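Visitor: I'd like to ask you about the structure that follows.
The values are calculated or read from the model by the stated rules, or taken from the named source; none is laboratory data. Only a predicted model underlies this, so the values are computations on that prediction, with no experimental measurement involved. Quick reminder, even Gly has a Cβ in these numbers, built from the backbone with ideal geometry, and neighbours come from all protein chains shown. Ligands, DNA and RNA are stripped out before the accessible areas are found, and what is left, the full protein with its side chains, is counted by its heavy atoms. Shrake-Rupley method; radii C 1.70, N 1.55, O 1.52, S 1.80 Å.
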Amino acid sequence: MVSGQSPGEVAERVAEGREAGYRAFKVKIGLHAEDLAVVRAVREAAGADAPLWVDANQAYAVDEAVRISRVLSELDVHAFEQPLPANDVVGLGRLRAESAVPIALDESLRHPSDLATFVKLGAVDVAIAKVQRSGGLTLSRRLCSLAEDSGVRLMGSGLTDSDLGLAASLHLFAAFGIDTPVDLNGRQFVGSAYATGETVQVHGGIARVPTGPGLGVEVDESVVRELSVDVLTAGVP
């Protein structure tokens, strides 16, 4: 994941990522006036062969997104994620018909039924599988199955996760054969104090799907109990 306010900043982030073993990059846009210059800098720093996609987080209107998609196509961007507000079903249908880059949906897909609506209206090319957004593995599996049955491509994403959340995403993505790079993080920012022994292994930008029982993460339940908070009584004198 690449973030920065200027082309120079994002180029430095890409260089750091490449040094750490990462070979695919996702960049946030819709945050500043230099959006396209930022994407161009990422492409130049990442190299012509690196998978690259952008996430607009609902930042644009249809006409602007269409214009931006043409430049993104020239930069060989593989997917344009959530360019319009999540509930703009009609706008996303118009955009998909005119966009030069495949349209991927994230925030629009809180439930499998949302995907069914966008499929019926021809408003989606790629469905983002995200365990946390869908509230767990059960609905996530249903969404992924519907995408497969509907001929919609799947990509994988996540939030800043603990080892358990990271493992859940890895199992889902592996089960549905998602073979494109995925947007997952957590280890850089969150320490999973309860995870001991067997857990997710990440080396050189590649996370291995755990093979142990359940999600494959060993949990020290004594630590969980020690760190737990009773939300019904917390802060009550």
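Visitor: Around residue 146, under 14 Å between beta carbons, what's the net of Lys plus Arg minus Asp minus Glu among the other residues?
Guide: Values: positive: 110, 120, 141, 142, 153; negative: 114, 148, 149.
Surrounding charge for residue 146 is +2.
Visitor: For the stretch 13-20, in order, what is each residue's ³J(HN,Hα) by Karplus, 6.51 cos²θ - 1.76 cosθ + 1.60 with θ = phi - 60°, in whole Hz (x at glycine and Pro)?
Guide: Rounded to whole hertz, the list is 5, 5, 4, 4, x, 4, 5, 7.
Visitor: If each of residue 230 and residue 179 carries a label point 7 Å out from its Cα toward its Cβ, how far apart are those two points in nm?
Guide: 5.3
Visitor: Find how much the distance from residue 113 to residue 70 grows on full extension, using 0.36 nm per residue of separation minus their present alpha carbon separation; answer in nm with one decimal.
Guide: 12.4 nm
Visitor: How much length would be gained if the chain were fully extended between residue 31 and residue 149, taking 0.36 nm per residue of separation minus their Cα-Cα distance, in nm to one decimal? Kindly include the intermediate steps, with their values, before the conclusion.
Guide: Numbers: separation 118, 0.36 × 118 = 42.48 nm, distance 3.51 nm.
Full extension of this stretch gives 39.0 nm more.
Visitor: Here is a further query. Using +1 at the Cβ of each Lys and Arg and -1 at the Cβ of each Asp and Glu in the chain, identify which of 201, 75, 113 lies farthest towards the dipole's positive end.
Guide: Ranked along the dipole, the leading option is 113.
Visitor: For the stretch 134-193, give the magnitude of the charge dipole about the Cα centre (Cβ charges: +1 Lys/Arg, -1 Asp/Glu; no others), in debye to the nearest 20.
Guide: The calculation lands at about 80 debye.
Visitor: Could you tally the net charge around residue 39, taking each other residue with its Cβ under 12 Å from the Cβ of residue 39, Lys/Arg +1 and Asp/Glu -1?
Guide: Working: positive: 26, 28, 40, 43; negative: 34, 35, 44, 55, 74, 76.
Around residue 39, the surrounding residues sum to -2.
Visitor: Would you look at the GNM of the chain, springs on alpha carbons closer than 10 Å, and say which of 45, 79, 129 moves the most?
Guide: Taking springs between Cα atoms under 10 Å, the residue moving most is 45.
Visitor: How long is the gain from residue 223 to residue 209 if the chain were fully straight, where each residue apart is worth 0.36 nm and the alpha carbon distance is subtracted?
Guide: Full extension of this stretch gives 2.6 nm more.
Visitor: In whole percent, and with a 1.4 Å probe on the protein chains, what portion of the accessible area of the chain is carbon and sulfur?
Guide: Carbon-and-sulfur percentage of accessible area, whole number: 52.
Visitor: Then there is this: For a quick check, take a GNM of the chain with Cα springs below 10 Å and name the residue from 92, 121, 166 with the largest mean-square fluctuation.
Guide: Among 92, 121, 166, the largest mean-square fluctuation in the Gaussian network model of the chain belongs to 121.
Visitor: To continue, here is another question. So what is the 222 nm mean residue ellipticity for the chain from helices alone, if each DSSP H run of at least 4 adds -39500 (n - 2.57) and you divide by all residues, rounding to the nearest 500 deg cm²/dmol? Numbers along the way, then the final one.
Guide: On the way: 8 runs with 91 residues, N = 237.
That calculation yields -11500 deg cm²/dmol at 222 nm.
Visitor: Work out from phi, with θ = phi - 60° and the Karplus expression 6.51 cos²θ - 1.76 cosθ + 1.60, the ³J(HN,Hα) of each residue of the stretch 43-49, listed in order in whole Hz, and give x for Gly and Pro.
Guide: 4, 5, 6, 7, x, 5, 8
Visitor: Using amide H atoms built in the peptide plane, which far-off residues or other-chain residues are under 5 Å from residue 111 H to H?
Guide: Under 5 Å from the amide H of residue 111 lies no amide H from a residue far enough along the sequence or on another chain.
Visitor: Ordering 221, 74, 34 from largest to smallest accessible area (1.4 angstrom probe), what's the sequence? Display every interim value, and only then the final one.
Guide: Details: 221 115, 74 145, 34 85 Å².
Descending accessible area places them as 74, 221, 34.
Visitor: Please get the size of the charge dipole for the chain, origin at its Cα centre, with Cβ charges of +1 on Lys and Arg and -1 on Asp and Glu, quoted in debye to the nearest 20. It would help to have the intermediate numbers written out before the result.
Guide: On the way: 21 positive and 32 negative charges, 93 e Å.
About 440 debye.
Visitor: Show me, for the stretch 139-150, the HN-Hα J-couplings you get by feeding each phi into the Karplus relation (A = 6.51, B = -1.76, C = 1.60, θ = phi - 60°), rounded to Hz, glycine and proline as x.
Guide: Working through the residues one at a time gives 5, 4, 5, 5, 5, 5, 5, 5, 4, 4, 5, 9 Hz.
Visitor: Which net charge results for the neighbourhood of residue 101, defined as the other residues with beta-carbon distances under 11 angstrom from its beta-carbon, given Lys and Arg at +1 and Asp and Glu at -1?
Guide: Summing Lys and Arg as +1 and Asp and Glu as -1 gives -3.
Visitor: For 78, 203, write out the residues from largest to smallest accessible area, computed with a 1.4 angstrom probe and no ligands counted.
Guide: Final ranking, largest accessible area leading: 203, 78.
Visitor: Search the structure for amide H atoms under 5 Å from the amide H of residue 2, placed 1.01 Å from N in the peptide plane, and list their residues when 5 or more places away or on another chain.
Guide: Close amide H contacts, sequence-distant or interchain: 26, 27, 28.
Visitor: Right, another one. Quote the accessible area belonging to residue 215 in square angstrom, nearest 10, computed with a 1.4 Å probe and with ligands, DNA and RNA left uncounted.
Guide: 50
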